[in-house]
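Structure, as structure tokens:
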Amino acid sequence: MLNSSQMTPEEQLATLALPCPLHRRLRQLSLIQADRCLGLSGRSHFTNASGVMTGTVGLDRSVADGYNAARACALTQLAVLKRDLGSLEAVVEIVSVNGYVNAVAGFEDSPAVINGASDLLVSVFGEAGKHVRAAVGVSALPRNAIVEIQMTVRVGQP
Amino acid sequence: MLNSSQMTPEEQLATLALPCPLHRRLRQLSLIQADRCLGLSGRSHFTNASGVMTGTVGLDRSVADGYNAARACALTQLAVLKRDLGSLEAVVEIVSVNGYVNAVAGFEDSPAVINGASDLLVSVFGEAGKHVRAAVGVSALPRNAIVEIQMTVRVGQP
Amino acid sequence: MLNSSQMTPEEQLATLALPCPLHRRLRQLSLIQADRCLGLSGRSHFTNASGVMTGTVGLDRSVADGYNAARACALTQLAVLKRDLGSLEAVVEIVSVNGYVNAVAGFEDSPAVINGASDLLVSVFGEAGKHVRAAVGVSALPRNAIVEIQMTVRVGQP
């Protein structure tokens, strides 16, 4: 489960600026466990400085903007896991990522955008951060976010 | 698992007008069980009086129309569960809801639409009705429905 | 698990032209196992002759084009399963299909497109090929593909 730098996921995470405070929702859960899998609600990225980054890739945002937003989405999901599980130690592997990109019709490069999330997960978890994935372009995301990420992770026995 | 009114989900459901008859599909299942989880096919809402409510939020439909449609989608999924399981007693909790909103490009309020489904589920199941969720805007839904809801629920051992 | 022709899924598959070679991705997995379920990454169709079929249903592609593309997507996913599992013998049933159709805004017939995938799965696996499903229209898919299919399958114990 170690990545190439031989740091644990917790140690990797400590080198990153986690978003804070996290937005809590009234009507839904941040995560739920079913058997050994934890499902996480879809989340947009969140940066301490500016909140949600808004816009549409291909209109007023570039692929690089989208990549950074997707990276921040994944980091936000890890912050949720750390808050609710106490640490990342229980995470055995990342199972799946569904990435939605707010993009103009016909945009072809949503994988290049969602790579921002995938690269972050692999940098934290190493091989255990690799996952199955779908990346699609949609016409509208909550709060006009550029990217939203839904994730499933596998956790170990308590 | 009881909601605030201390009625069981079955008793709550009995106070609601369930859609009838439900549409059966030739090529797909309404639900499938894998371990303790039941996955349900995506469903649009269905009202006894008028069938599927059609339209696009932000164009010819309001957020309130979408909210009502999402509520009706969730009610339709509960009707499917009741038909196929006999009752809701086996349902331990609602795990996840993926909500798709037929909306104009740039529509920012899909969560306010999908709240119609989430509120219905919490009103029937109480805390056990809370779930992880993603709400995205898409450009096209089957039969021009305003909303489509996909759900996963956890069931108890037989 | 046998279909009407009483051939095994492997025998059925042998009658079909599987795509080859399959595209490998650096950052993501083709499939992952969690308990008895295998999740597969979203895939566009792939034909030996022409690679990915591109276009938008309702603009420059017909529903029939989309149907053929969805069928080819499902065939590609089966080729992934065969490559990574060795054969289809371990597949107990198809659990779910999420189909995304690259379509003009307001396109109403995404189920008719995704039927291409569902029909292929039932032709190979018989009743065990039936699944829960969602079919939505989106504004943008990777590499401008007409269709992308995400699947979950249940596998037997090793």
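The values are calculated or read from the model by the stated rules, or taken from the named source; none is laboratory data. What you are looking at is a predicted structure, and each value in this text was computed from that prediction instead of being measured. Using ideal geometry, Cβ is built from the backbone for each residue, glycine included, and neighbour counts are taken over all protein chains shown. Just so you know, the surface numbers come from the protein's heavy atoms only, side chains and all, with ligands and any DNA or RNA stripped out. Shrake-Rupley method; radii C 1.70, N 1.55, O 1.52, S 1.80 Å.
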Using only Cα atoms, find the angle between the long axis of helix B:110-125 and the longest principal axis of chain B, and express it within 0 to 90 degrees, rounded to the nearest 10. 20 degrees
Express in whole angstrom the spacing between the alpha-carbon centres of segment A:60-84 and segment C:69-139. 30 Å
So what are the ³J(HN,Hα) numbers for segment A:30-38, from phi and the Karplus equation (6.51, -1.76, 1.60; θ = phi - 60°), rounded to whole Hz, Gly and Pro as x? 6, 8, 9, 9, 10, 6, 8, 10, 10
Largest first and in whole Å, what are the equivalent-ellipsoid semi-axes of segment C:61-107 based on the Cα gyration tensor, each being the root of 5 times an eigenvalue? 28, 11, 8
Debye log10 I(q)/I(0) at q = 0.10, 0.12, 0.13, 0.16 Å⁻¹ for segment C:74-158, Cα point scatterers: -0.26, -0.37, -0.43, -0.63
Neighbouring partner chain Cβ atoms per residue of C:98-110, average, 10 Å criterion: 6
Tell me what the protein assembly as shown gives for mean residue ellipticity at 222 nm when only DSSP H runs of n ≥ 4 count, each as -39,500 (n - 2.57), the sum divided by the residue total, rounded to 500 deg cm²/dmol. -9500 deg cm²/dmol
Can you tell me the relative contact order of chain C? Whole percent, Cα pairs under 8 Å, sequence separation 6 or more. 35 percent
Label segment A:112-158 by shape, choosing from rounded, prolate and oblate, from the square roots a ≥ b ≥ c of the eigenvalues of the Cα gyration tensor; if a/c is under 1.5 it is rounded, and otherwise prolate applies when a/b is larger than b/c, oblate when it is not. prolate
With Cα atoms, 0 to 90° folded angle of helix A:63-85 axis to chain A main axis: 30 degrees
Solvent-accessible area buried by pairing A with B, both sides, nearest 100 square angstrom, 1.4 angstrom probe: 2000 Å²
Partner lysines whose C-alpha sits under 23 Å from that of B:Lys82, ignoring same-chain residues fewer than 8 away, are B:Lys130, C:Lys130
What one gets for segment A:8-81 as the Kirkwood radius, inverse of mean 1/r over different Cα pairs in Å, is 13.8 Å
How far is A:Glu11 from the same spot in each other copy, in nm, shortest first, if each label point sits 7 Å from Cα toward Cβ? 5.6, 5.6
What number does chain A give for Rg over Rh if you use C-alpha atoms and the Kirkwood radius? 0.95
With heavy atoms of protein chains only and a 1.4 Å probe, what residues of segment B:55-96 have at least 10 Å² less accessible area in the full set of chains than alone? B:Glu93, B:Val95
Pop a pseudo-label 7 angstrom from the Cα along the beta-carbon direction at both B:His23 and A:Leu26 and give the gap in nm to one decimal. 3.2 nm
Let me know the Kirkwood hydrodynamic radius for the protein assembly as shown, please, with Cα pairs as the basis and the value in Å to one decimal. 22.3 Å
